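This report concerns only the one structure given below.
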Amino acid sequence: MFKKISTILFVSIVIEFINDALSIEYLVSFFENNLVLMLVALAAINSTTLGVVMTKLREVSLAYHSDFSETIKEMRFSIKEQLALILLSLLIQMVNGSSLLFIKYDIYIKVSNTLLIAIFLYALYILYDTMNMIFEILNFENEEIINQDRD
């Protein structure tokens, strides 16, 4: 997990550096107007997908007497992560929109932008991880079909 977060933070710093060096305002403007809404949409997609995955896990569990309690625990944690990302994003954007003095400092702006980029990238990673779970289940089902055909 530390490696994943470190990588996301590193990529976020690079993206912020490029945005700053090239004076690109697109991401900042985009995040101000759309980030929370996108995070909520990604959470909704992931929640729906996790519901489908849980149904399939239940079928597999009943058929093969498998225990997926750790997987379900990770799925719950994923939902909590998404909620934390939404709240953190809201908090950062609320502070950014306030008239507090420290917001005018260049370092705060860079850190704030980097965190918003990291939040977005982490949300995309969660989406990728969830979709990867579907492919794992499909792969498992295909292997079972192949094994049944051999018998």
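Being among the β-branched types (Val, Ile, Thr), over 16 Å from Ile134 (Cα atoms) and under 19 Å from the mean Cα position of the chain (by Cα), is that true of even one residue in the stretch 31-40?
Yes, that holds for at least one residue.
Kindly provide the set of residues from the stretch 63-91 that are under 17 Å from the mean Cα position of the chain (by Cα), hydrophobic (A, V, I, L, M, F, W, C) and within 17 Å of Glu32 (Cα to Cα), ordered by number.
Result: Leu85, Ile86, Leu87, Leu88, Leu90.
Give me the pairs: first residue in the stretch 67-86 and among the charged types (D, E, K, R), second residue in a loop (DSSP other than H, G, I, E, B), beta-carbon distance under 9 Å, and six or more apart or on different chains, which are they?
If the second residue must be in a loop (DSSP other than H, G, I, E, B), no pairs are left.
Might you let me know whether the stretch 104-112 holds any residue that is at pLDDT below 90, surrounded by fewer than 18 Cβ atoms within 10 Å (Cβ to Cβ) and not in a helix (DSSP H, G or I)?
yes
Would you check if there is a residue in the stretch 29-47 being buried (at least 16 other Cβ atoms within 10 Å of the Cβ) and of a type outside the set (A, V, I, L, M, F, W, C)?
Yes, some residue in the stretch 29-47 is buried (at least 16 other Cβ atoms within 10 Å of the Cβ) and of a type outside the set (A, V, I, L, M, F, W, C).
Residue under question is Ile18, and the condition is that it be free of Cβ contacts under 8 Å to residues at least 12 places away in the same chain, of a type in the set (Val, Ile, Thr), out of contact with any helix residue (DSSP H, G or I) (no Cβ under 7 Å at 6 or more places or on another chain) and not in a helix (DSSP H, G or I); does it hold?
Against the criterion (free of Cβ contacts under 8 Å to residues at least 12 places away in the same chain, of a type in the set (Val, Ile, Thr), out of contact with any helix residue (DSSP H, G or I) (no Cβ under 7 Å at 6 or more places or on another chain) and not in a helix (DSSP H, G or I)), Ile18 does not qualify.
Give me a count of the residues in the stretch 90-120 that are within 24 Å of Ala44 (Cα to Cα) and either touching an Asp or Glu at 6+ places or on another chain (Cβ under 9 Å) or in contact (Cβ under 8 Å) with a residue 60 or more places away in the chain (or both).
7
Is there a residue in the stretch 65-73 that is in a helix (DSSP H, G or I), over 25 Å from Glu143 (Cα atoms) and modelled with pLDDT of 90 or more?
Yes; the residues of the stretch 65-73 include at least one that is in a helix (DSSP H, G or I), over 25 Å from Glu143 (Cα atoms) and modelled with pLDDT of 90 or more.
Within the stretch 68-108, how many residues are under 30 Å from Thr55 (Cα atoms) and of a type in the set (Gly, Ala, Ser)?
3
Mind checking which pairs have a first residue in the stretch 121-141 that is within 18 Å of Glu70 (Cα to Cα) and touching a residue at least 24 places away in the same chain (Cβ under 8 Å) and a second that is of a type in the set (A, V, I, L, M) and surrounded by 14 or more Cβ atoms within 10 Å (Cβ to Cβ), Cβ under 6 Å, 6 or more apart or different chains?
Taking only residues 6 or more apart or on different chains, the pairs are Met133/Val53.
Output the number of residues of the stretch 57-99 satisfying the condition of being over 21 Å from Tyr122 (Cβ atoms), touching a Phe, Trp or Tyr at 6+ places or on another chain (Cβ under 9 Å) and of a type in the set (A, V, I, L, M).
The number of residues fulfilling the criteria is 2.
Among the residues of the stretch 42-56, is there at least one that is among the basic types (Lys, Arg) and closer than 18 Å to Ala123 by Cβ?
No, the stretch 42-56 has no match at all.
Are any of the residues in the stretch 80-89 at pLDDT below 90, closer than 21 Å to Ser112 by Cα and exposed (fewer than 13 other Cβ atoms within 10 Å of the Cβ)? Outline the logic, then answer.
We begin by selecting, within the stretch 80-89, every residue at pLDDT below 90; these are none.
No, the stretch 80-89 contains no residue that is at pLDDT below 90, closer than 21 Å to Ser112 by Cα and exposed (fewer than 13 other Cβ atoms within 10 Å of the Cβ).
The values are calculated or read from the model by the stated rules, or taken from the named source; none is laboratory data. Just so it is clear, the model here is predicted, and its values are computed rather than measured. Heads up, the Cβs are rebuilt from the backbone with ideal geometry, glycines too, and the neighbour counts pull from every protein chain shown.
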